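Have a look at the structure below before the remarks.
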Amino acid sequence: MKLIGLTGGMGCGLTTVAGFFKQLGAEVISADEVARDLTKPDAEGWRLIREVFGGGYFFPNQELDRRKLGRLVFDQPAELKKLNACLHPLIVSEIKKRVAAWETDSGVVIIEAPLLIEVGLDGIVDELVVVGAPLATRLERLVKRDQVERAEIKKRVDAQMPLTRKTAMADTVIKNTKSINILKEEVEKKWQEWQETEQQ
């Protein structure tokens, strides 16, 4: 098994790149999907959030009100720290369990995680791939995608490790600055490299 860490900043196109790798045959473990599983009603993360933040951040059907909680934590760094302390250990533990299930596999397993470096998962991967894009492009994409104010998006971007630091740590940087077809070609080129390395 070749274990790849795939990360980048918000709005860089991380999920798109992960999707292209999946089409080529990679197994993808998405940290966002893991987080969603852990915050479903009565799951472990859901219970912790309810305990720490109270019932005001849940809809009547008991689903987590992610937007409301997001506004709180990105306005108040101390609250974001509390949320991360609740969820990050659970997410890391679950990702490691899923990685272990593929250990005897000879293919490529990708951990797709925006906060991969911040939670220390870069320490377990064979290669770190960072997806990058200019800040103005990222903000434009996020405003369009999430339908929220630019100022709110900027707060969320600023709460992450600067993209320049991530790219400085990367083994490979995939730039998402042009068309979707060029991005796909970049992914295919990287995939081909991995296949050739495996055959040596």
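The values are calculated or read from the model by the stated rules, or taken from the named source; none is laboratory data. The structure displayed is predicted, hence computed values, not measured ones. Because the Cβ atoms are built from the backbone with ideal geometry, glycine has one as well, and the counts that use them run over all protein chains shown.
In segment 12-65, counting only helices (runs of 4 or more DSSP H) that sit wholly within it, the ones holding 2 or more residues that are at pLDDT 95 or above and of a type in the set (D, E, K, R) span 31-38, 44-53. Applying a threshold of 9 Å to beta carbon distances and a minimum spacing of six or more residues, or different chains, the list of pairs starting in segment 173-200 at a residue that is over 15 Å from GLY19 (Cβ atoms) and in contact (Cβ under 8 Å) with a residue 24 or more places away in the chain and ending at one that is part of a helix (DSSP H, G or I) and of a type in the set (Asp, Glu) reads LYS175/GLU186. Each residue in segment 68-89 was checked for being within 26 Å of VAL28 (Cα to Cα), in contact (Cβ under 8 Å) with a residue 40 or more places away in the chain and of a type in the set (A, V, I, L, M), and 1 pass. Scanning segment 140-159 for residues that are closer than 16 Å to LEU14 by Cβ and buried (at least 16 other Cβ atoms within 10 Å of the Cβ) yields ARG141, LEU142, ILE153, ARG156, VAL157. You will find that of ILE111, ILE91, ILE117, ILE95, the residue that is out of contact with any His (no Cβ under 9 Å at 6 or more places or on another chain), modelled with pLDDT of 95 or more and either farther than 30 Å from GLU196 by Cα or of a type in the set (Ser, Thr, Tyr) (or both) is ILE91 and no other. Has segment 102-111 got any residue that is farther than 15 Å from ILE4 by Cα and in contact with a helix residue (DSSP H, G or I) (Cβ under 8 Å, 6 or more places away or on another chain)? No - not one qualifying residue is present in segment 102-111.
Table: residues versus (1) within 16 Å of the chain's Cα centre (by Cα); (2) in contact (Cβ under 8 Å) with a residue 24 or more places away in the chain.
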| site | (1), (2) |
| --- | --- |
| ILE91 | yes, yes |
| ASP105 | no, yes |
| ALA136 | no, no |
| GLU149 | no, no |
| LYS155 | no, yes |
| ALA159 | yes, yes |
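Scanning segment 173-187 for residues that are surrounded by 15 or more Cβ atoms within 10 Å (Cβ to Cβ) and more than 18 Å from LEU139 (Cβ to Cβ) yields VAL173, ILE174, LEU183, LYS184, GLU186, VAL187. Here the condition is being touching a residue at least 40 places away in the same chain (Cβ under 8 Å), surrounded by fewer than 17 Cβ atoms within 10 Å (Cβ to Cβ) and at negative phi; of ASP122, ASP65, ASP37, it holds for ASP37 alone.
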